[in-house]
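Novice: First the structure, then my questions, so here it is.
The values are calculated or read from the model by the stated rules, or taken from the named source; none is laboratory data. All values derive from a computational prediction rather than experimental measurement. Positions of Cβ are backbone-derived with ideal geometry, glycine not excepted, and every protein chain shown enters the neighbour counts.
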Amino acid sequence: MLNDAKYAFRNSWFCPDAIGFGFINQDWAPVGTPSVSVTNGHNAKFTARDVAQDALAGTIDLKNRAPAFSLEGFLPDATASLTGKFQLRDGGVASSLWGSYTHTFSPLPNGAIESISGGYGGLGITLGSSPATAWCKAKPVDPRNSL
């Protein structure tokens, strides 16, 4: 939930955000086709491009409502979600899955995410030369109660 995450750096619309799952690849195998969605007129898409084997990820293109020359912007309340299914591998341990959301900003319109990794601790993203991470939220989920 992006509720209460009102502050957005200026030019946050120049680079997409990342949403995803980080997992231990030796324990879990993603199955099926994941989907990503976001509310309030923003754009979202699942991506397998430049994503490591220990992550499922999507990109979120938030529509910043601030005036073009504002020093700061505000994000409307929105809900972004990534849905995926995992199967425990033979011999795997029901290790934690990490849900993550990383909000970015870029002073230049060519901002891009170069790669996404996951694993224990949530998503890690590598950005091009101009964008930077504004903030990141990560939450672990212990799946043992769901098995």
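Novice: Taking only the stretch 15-28 into account, find how many residues are surrounded by 15 or more Cβ atoms within 10 Å (Cβ to Cβ), part of a loop (DSSP other than H, G, I, E, B) and not aliphatic (A, V, I, L, M).
Specialist: 5
Conditions (1) within 21 Å of PRO109 (Cα to Cα); (2) outside any strand (DSSP E or B); (3) at pLDDT 90 or above; (4) of a type in the set (Gly, Ala, Ser), marked per residue:
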site: LEU2; (1), (2), (3), (4): no, yes, no, no
site: TRP13; (1), (2), (3), (4): yes, yes, no, no
site: ARG49; (1), (2), (3), (4): yes, yes, no, no
site: PHE69; (1), (2), (3), (4): yes, yes, no, no
site: GLY73; (1), (2), (3), (4): yes, no, no, yes
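Novice: Something else about it: Considering only the stretch 97-119, state which residues are at pLDDT below 85, under 16 Å from the mean Cα position of the chain (by Cα) and in a loop (DSSP other than H, G, I, E, B).
Specialist: Matches in the stretch 97-119: GLY111 only.
Novice: Take the residues in the stretch 120-138 that are among the hydroxyl-bearing types (Ser, Thr, Tyr) and assigned to a strand (DSSP E or B); name whichever of them is modelled with the highest pLDDT.
Specialist: Checking each candidate, the answer is THR126.
Novice: Output the residue which, of all residues in the stretch 29-47 that are touching a Ser or Thr at 6+ places or on another chain (Cβ under 9 Å) and outside any strand (DSSP E or B), is nearest to SER117 (Cα to Cα).
Specialist: Filtering first and then ranking leaves THR39.
Novice: Now for a different question. Can you tell me how many residues in the stretch 125-135 are crowded, with 19+ Cβ neighbours inside 10 Å and either polar (S, T, N, Q) or closer than 19 Å to PHE46 by Cβ (or both)?
Specialist: 1
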